[in-house]
C-alpha cells in the first residue's frame, strides 16, 4: 500500500513565482476587480499554507491551489448575491416572456440575436471582444454575474450553482436568460 504524500512534496517558497500570475488571471476574469483578485490570491496562498497537511498529492500544486481559489471566489459570489435575489428575480420573471415564445421557448423574431459578422478568427478582434465582454459583465447585477460566471466560465453544473448561491432551479433559469439578454444587448451595442 502506498502511503499518502507528505508536506515536503509541496514547495510553498516558490508558489508566488510559479503560480501568482496564473491564479491572478483566474481570479480577475471571475471577480472583475483587480484589488479583490490580488487579495484572493494572497488568501489562497495563506489557506494553502494552513492546509498543507491535508494535501494528498492527488493533483498538482497548481490544481490544488486553483481549487482553493475557486472556493474563495464562490464565497465572494455568495456575499455579492445575498439580499439581492427577491427584487431582481421578480423583475426578471416578468420580462422573460417579452423575449421568448411561450409555446416553444425560442426567441421572438424581433429579439433574436443578430450575427456578429466575424467569419475568420482575428486575435486582435478576439482581444477587443474579450475586453468589451468584460465591461458588459461588470454592468450585470451581482447575482446575475455570479450565476453567469459560475456556469459559463467555471463550467459548474446547474445544481452546483443553485446550491452554492442558494437559488432555485427556476430562479437560476430566469437569471441565466436575463444575463444573456443583457450581455447580448451590450455586445450588440458596443461590438457590432
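The values are calculated or read from the model by the stated rules, or taken from the named source; none is laboratory data. In this text the structure is predicted, and so the values were computed from the model without any measurement.
Please indicate, with yes or no, whether at least one residue in the range 44-51 is modelled with pLDDT of 90 or more and not in a helix (DSSP H, G or I).
Yes - at least one qualifying residue is present in the range 44-51.
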**OP:** Check the range 8-23 and report whether any residue there is in a helix (DSSP H, G or I), within 17 Å of the chain's Cα centre (by Cα), farther than 29 Å from residue 174 by Cα and modelled with pLDDT of 85 or more.
**Re:** yes
